[in-house]
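> Once you've had a glance at the structure underneath, I'll fire off some questions.
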Amino acid sequence: MRLILNVVWLVLAGFWLAVGYALAGVICCILIITIPWGIAAFRVANYTLWPFGRTIVPKPGAGTGSLLGNVIWIIFAGWWLALGHLTTGIALCVSIIGIPLGIANFKLIPVSLVPLGKEIVEVP
């Protein structure tokens, strides 16, 4: 079931959302000082391509640096990525088949706003 959901997700939403994260990651890496945000953006882009069967958990040991970095991320990139998840999730929820995908989009909103201090793990 995870495979089917991931393939449908990739076709309907995942590819374009991952492109948005990759674009944010490239911009952050070009600006050199923002490379940690770029790495986080690439990590979330990977998760956005294939989200079913994986989840996001808080990273142990993430502290004040992650908090400050997340505030900066929200201001410059997080809000428009979260808006992309929100609009895509609403569009997917219009059809019955798209409801699970829309819910997955809504679950990605928190990590799009605060990607630092999180890690992606496999669901058992």
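Each value in this text was obtained by applying a stated rule to the coordinates, not by laboratory testing. None of these values were measured; they are calculated from a predicted model. Counting neighbours? That spans all protein chains shown, and the Cβs are built from the backbone with ideal geometry, glycine included.
> Could you tell me which label, among [x] 43, 29, 19; [y] 36, 30, 25; [z] 52, 34, 20, carries the value of Cα extents along the principal axes in Å calculated for this structure?
[x]
> Per 0.36 nm of contour for each residue apart, how much would the distance between GLU122 and ILE30 grow if the chain were fully extended, relative to their Cα-Cα spacing? Mind showing how you got there, number by number?
Details: separation 92, 0.36 × 92 = 33.12 nm, distance 3.05 nm.
Residue separation times 0.36 nm, minus the Cα-Cα distance, leaves 30.1 nm.
> Which distance in Å, rounded to a whole number, links the C-alpha centroids of region 5-47 and region 69-110?
Their Cα centres are 13 Å away from one another.
> Going highest first, how would you order 90-97, 37-44, 21-28 by mean Cβ packing within 10 Å?
On the way: 90-97: 12.9, 37-44: 21.8, 21-28: 19.4.
Put in order of decreasing packing, that is 37-44, 21-28, 90-97.
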